[in-house]
Amino acid sequence: MGRITHQSLDGGKITHGFFTRIGGVSDGIYSGLNCGPGSGDSPENVKKNRQLAIDELGSGDATLLTCYQTHSSDVITAREPWADENLPKADAMVTDVPGLALGILTADCAPVLLADMDRGVIGALHAGWKGAVSGIIENTAHAMAGLGANLLRTVSVVGPTIGQQSYEVGDDVRSAVIESGISDGKRFFILSNNDGHYMFDLPAYVLARLENVGIGTCVSLGLDTYADEKNFFSYRRATHNNEKDYGRILSAIMISE
């Protein structure tokens, strides 16, 4: 099983993992640990993969919560489990309840796991450029603060995300980012080889917004989902390869009971 951790989120009762596609029971274009119920993979395979991930976190009886992600700025405060067939529409979750694993599903967008280790408040968010521009990061930080988190003592880690060298965008994205209120938004872009297009550094932009909202520790794993086919699913790579669908990797964090 491929689980990546970061030392800043280790310790105490909080456990986490940025899972790769290594392991799991899926095959074909979903080969490995595809944890996305929104994919065309067998629902039974996805269910088994999600349970394998929970087992790897060290708590097989915990409940893995994921949302119907829509690139929004909406945040859910999780107090109790919800049914897999009735997922809330949101792109982030926060909680201070032990035994609830907050899971984010991605295939190029940025998964971010957050924790105030001392006060036992955690968060998990999904940030593509649309969600980041519209405020998903700030809304998640504010929701954690509402549960008692001290943002200056909160740690955030950006997981596997499409890298700048792999992420070509148009002027619409560049304009939206520049106008989003982050100082010197042009710094997240370099010219591509195609006229009117740019290479966008999504992880750096997400880090800048985390820092701007007052999160005390902000780090990135620096792993490119597009470039590393062995370890990660990628929506953009699947599109370039004319594949009909793609798997989703899981990033999860929980407070142990």
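The values are calculated or read from the model by the stated rules, or taken from the named source; none is laboratory data. All values reported here derive from a predicted model rather than from experimental measurement. For neighbour counting, all protein chains shown are included, and Cβ atoms are generated from backbone atoms with ideal geometry for every residue, glycine included.
Among the residues of region 195-203, are any modelled with pLDDT of 95 or more, among the acidic types (D, E) and within 18 Å of the chain's Cα centre (by Cα)? So far as region 195-203 goes, yes, one or more of its residues are modelled with pLDDT of 95 or more, among the acidic types (D, E) and within 18 Å of the chain's Cα centre (by Cα).
Tallying residues that are farther than 15 Å from A252 by Cβ and surrounded by 21 or more Cβ atoms within 10 Å (Cβ to Cβ) within region 34-72 yields 2.
Restricting to region 3-37, give me the number of residues that are more than 18 Å from K244 (Cα to Cα), part of a helix (DSSP H, G or I) and free of Cβ contacts under 8 Å to residues at least 40 places away in the same chain. Within region 3-37, residues that are more than 18 Å from K244 (Cα to Cα), part of a helix (DSSP H, G or I) and free of Cβ contacts under 8 Å to residues at least 40 places away in the same chain number 1. Within region 167-212, the set of residues being hydroxyl-bearing (S, T, Y) and in contact with a helix residue (DSSP H, G or I) (Cβ under 7 Å, 6 or more places away or on another chain) comprises Y167, S180, Y198, Y205. Consider region 183-193 and keep the residues that are surrounded by 12 or more Cβ atoms within 10 Å (Cβ to Cβ) and over 21 Å from the mean Cα position of the chain (by Cα). The one that is farthest from L207 (Cα to Cα) is S192. Only residues that are in contact with a Gly (Cβ under 7 Å, 6 or more places away or on another chain) and within 10 Å of T66 (Cα to Cα) were counted across region 103-121, and they come to 1. Among the residues of region 198-257, those that are surrounded by fewer than 20 Cβ atoms within 10 Å (Cβ to Cβ), in contact (Cβ under 8 Å) with a residue 60 or more places away in the chain, farther than 16 Å from V155 by Cα and hydrophobic (A, V, I, L, M, F, W, C) comprise L223, A227, A238. Being more than 19 Å from the chain's Cα centre (by Cα) and either modelled with pLDDT of 95 or more or on the phi > 0 side of the Ramachandran plot (or both): is that true of A141 here? Answer is no for this residue. Selection over region 83-102 of residues that are under 26 Å from S134 (Cα atoms), surrounded by fewer than 24 Cβ atoms within 10 Å (Cβ to Cβ) and either touching a Gly at 6+ places or on another chain (Cβ under 7 Å) or at pLDDT below 95 (or both) gives a count of 3. The set of residues in region 151-183 that are under 18 Å from V133 (Cα atoms) and among the basic types (K, R) contains only R174.
Per-residue answers, yes or no, for (1) hydrophobic (A, V, I, L, M, F, W, C); (2) within 21 Å of D91 (Cα to Cα); (3) touching a Pro at 6+ places or on another chain (Cβ under 9 Å):
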position	(1), (2), (3)
V112	yes, yes, no
H126	no, yes, yes
L152	yes, no, no
A204	yes, yes, no
V219	yes, yes, no
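Return only the number of the condition from (1) more than 22 Å from Q7 (Cα to Cα); (2) touching a strand residue (DSSP E or B) at 6+ places or on another chain (Cβ under 7 Å) that A149 does not satisfy. Among (1) more than 22 Å from Q7 (Cα to Cα); (2) touching a strand residue (DSSP E or B) at 6+ places or on another chain (Cβ under 7 Å), the lone unmet condition for A149 is (1). In this structure, does N45 turn out to be outside any loop (DSSP other than H, G, I, E, B) and over 25 Å from P98 (Cα atoms)? Answer is yes for this residue. Residue pairs whose Cβ atoms lie under 7 Å apart, separated by 6 or more positions or on different chains, with the first residue in region 157-170 and surrounded by 21 or more Cβ atoms within 10 Å (Cβ to Cβ) and of a type in the set (A, V, I, L, M, F, W, C) and the second in a loop (DSSP other than H, G, I, E, B) and modelled with pLDDT of 95 or more, are V157/H6; V157/L221; V158/L221; I162/D108; I162/T225; I162/Y226; I162/S234. Note on region 159-246: enclosed helices (runs of 4 or more DSSP H) holding 3 or more residues that are within 30 Å of G28 (Cβ to Cβ) and not hydroxyl-bearing (S, T, Y) are 235-240. Take I136 and decide whether it is surrounded by fewer than 21 Cβ atoms within 10 Å (Cβ to Cβ) and either of a type in the set (V, I, T) or within 25 Å of G99 (Cα to Cα) (or both). Considered against the rule, which asks whether it is surrounded by fewer than 21 Cβ atoms within 10 Å (Cβ to Cβ) and either of a type in the set (V, I, T) or within 25 Å of G99 (Cα to Cα) (or both), I136 comes out as no. For L102, the test of being part of a strand (DSSP E or B) and farther than 14 Å from G123 by Cβ is failed.
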